[in-house]
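We did not get these values from a lab; they are worked out from the coordinates using the rules stated. Note that the coordinates shown come from a computational prediction; the quantities given were computed from them, not determined experimentally. Reconstructed Cβ throughout: ideal geometry from the backbone, glycine too, with neighbour counts over all protein chains shown.
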C-alpha cells in the first residue's frame, strides 16, 4: 500500500516507539513439559509482571510502563542500554521494536515477530476475581491479557533472553515489535510502516496473535492452524431521527422505535455463503478429521456450486464455521434519547461487520440499507476500508512448520485458515510483508475467553507455546533450511 494510503486510513496521531538493538544466541532443545526449567520459570515471571499492568486504552501511561519493563528485561539479560533508541512524536500510542542482528550467512531478510501488549478493558464485577491480578488456578494462568496477547509478548521476550544467554547467533536478523494499541486501531504499527519502515522491514512476519492449535472433543491436539488472511473489519452507524417533544404526548414517529425495528430486521438477516481459496482449502483438509456427516458437508460446500443445505448445517453447528463462510454483521453499541421525560430526537447503533476478503464494504453498506428498509435511517461507515491481501505459504515453509508441529504434537495436521478477527497484521500485509499467524498455544475452541470475563491460558499450553517459538526461531534462523518469504 502507498504511504499516502496508509496515512489516509489511520488516525493522524503520532506514536511513541521504543527501539532496542542487540545481538543474540543456543543449546539443545528443551522438554516443554519440564515445568520447573529456568526458561519456563522466566516466561511465567514475565507474564506475571505484565498482567497487573493496566495496558488499556484509558491508561496509555501504563502501556508505556509495560513496554519499558520489557526493555529492562532485555537489558538485564546483558543487552547494552546504548542499543535502546526512543522515538517519541508526541502521542499516547506506543510500541517497542527489538532487533537482534544476525551474521547474514543465510542471505535471507529479517524475520519480524509480532505481539501486542495492550488489552481490552475488564469490569471486575463480571469476573470471579481481580482481572488485573495474575493468578494460577487448576492448571491455568488467569488475568486480562493472559491469552490476548500478553502471553505472546512474554513468549517473544522470554525466548530472546533465552537465546541471548545461550549465545546463539542467528543467520538473519530477528526483529520483535510489541505494539500498544492493537485493540483500538493499530496506530503504532501503522506509524512504523508509514514513517519508520527501516526499523521493521522484513522478508516475513510471524504473528503471535493469531493461529495456533485446537483440541478435539477428546481433549487431544486436533489441528494446528496457520492464519494466512483476515476478514475486513468495518463498522457502520445507523441513525434514526424524530421531531421529539413531551413524553406525555407520544407520537407514532419515534426514533428509538424506528431503530429497534431496523435492528430486529438485521438480527434475522444472514449474508450469503461464499468461499475463498483459504476457506476452501481449510474445509477440505479439516474434513479428514470430522465425523462422517460433517465431513460430507465440508466436501459438498467446496464443490464448484456450493451446496447451500450443507453450508447451512455447518453454519448452524459452529460459530467458527459460520464466520468462515460468510460476512457477518452484529449490533454492538446503542445510544438514544436526551431525557427520560422527552420523546427521542435521535437514536443510533453501531453495527460491527467482519467482511470476507474480496467483498466490497460499500456493497455490505448497501445490503444493510436494503435489509433495514427505512430510508429515514442513515447508514455511514465509521472509517475508510482497510482490506489486506492473503499470504500464500511456500511448500518449503509449510514443510518446516509441519515438522515443527509434529516434533511437539505428533500427527497433528497444519492447516491454513482465514481469521474472522483483525490484527496488526493487516497493516504489515498492506506494506507487502507477508504475515503468518502462528501462536503456538492449544485451546478448547468452545472455551475462548479473549475479551471476555475470567480470561485464561493453560499453563502447560503456555509453556508448550513458548517452546514452539523457541524451536521455530532457531529452525528459521540457523540452518540452510531457513525459509525465504512465502510465495
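Here are a few things to note about the model shown:
- Enclosing the Cα atoms of the stretch 328-465 in their convex hull gives a volume equal to 177 cubic angstrom per residue.
- At an R0 of 35 angstrom, the distance between the Cβ atoms of residue 350 and residue 37 translates into a FRET efficiency of 0.15.
- Chain lengthening between residue 135 and residue 341 when straightened (0.36 nm per residue, less Cα-Cα): 69.5 nm
- In summary, the convex hull built on the alpha carbon positions of the stretch 60-168 has an orientation-averaged projected area of 9.4 nm².
- Fewest-first sequence of 157, 84 by Cβ atoms within 10 Å of each Cβ: 84, 157
- Kirkwood Rh, angstrom, the stretch 252-298 [1 / mean 1/r, Cα pairs]: 13.9 Å
- Percent of C-alpha pairs per 5 Å bin in the stretch 232-381, short distances first: 2, 9, 17, 16, 13, 11, 10, 7, 6, 4, 3, 2, 0.
- Rel. contact order, % - alpha carbon contacts under 8 angstrom, at least six apart, the stretch 358-448: 27 percent
- Inter-part distance where the stretch 317-384 and the stretch 183-226 are each reduced to a Cα centre, Å: 27 Å
- A quarter of the convex hull surface defined by the alpha-carbon atoms of the stretch 141-197 gives 5.3 nm² as the mean projection.
- For residue 75 and residue 198, the FRET efficiency from 1/(1 + (r/R0)^6), where r spans their Cβ atoms and R0 equals 35 Å, is about 0.95.
- Look at 456, 370, 197 and count the other Cβ atoms within 10 Å of each Cβ; fewest to most, that gives 370, 197, 456.
- Rel. contact order, % - alpha carbon contacts under 8 angstrom, at least six apart, the stretch 232-381: 43 percent
- Projected-area average for the chain over all orientations - Cα convex hull basis, square nanometres: 24.5 nm²
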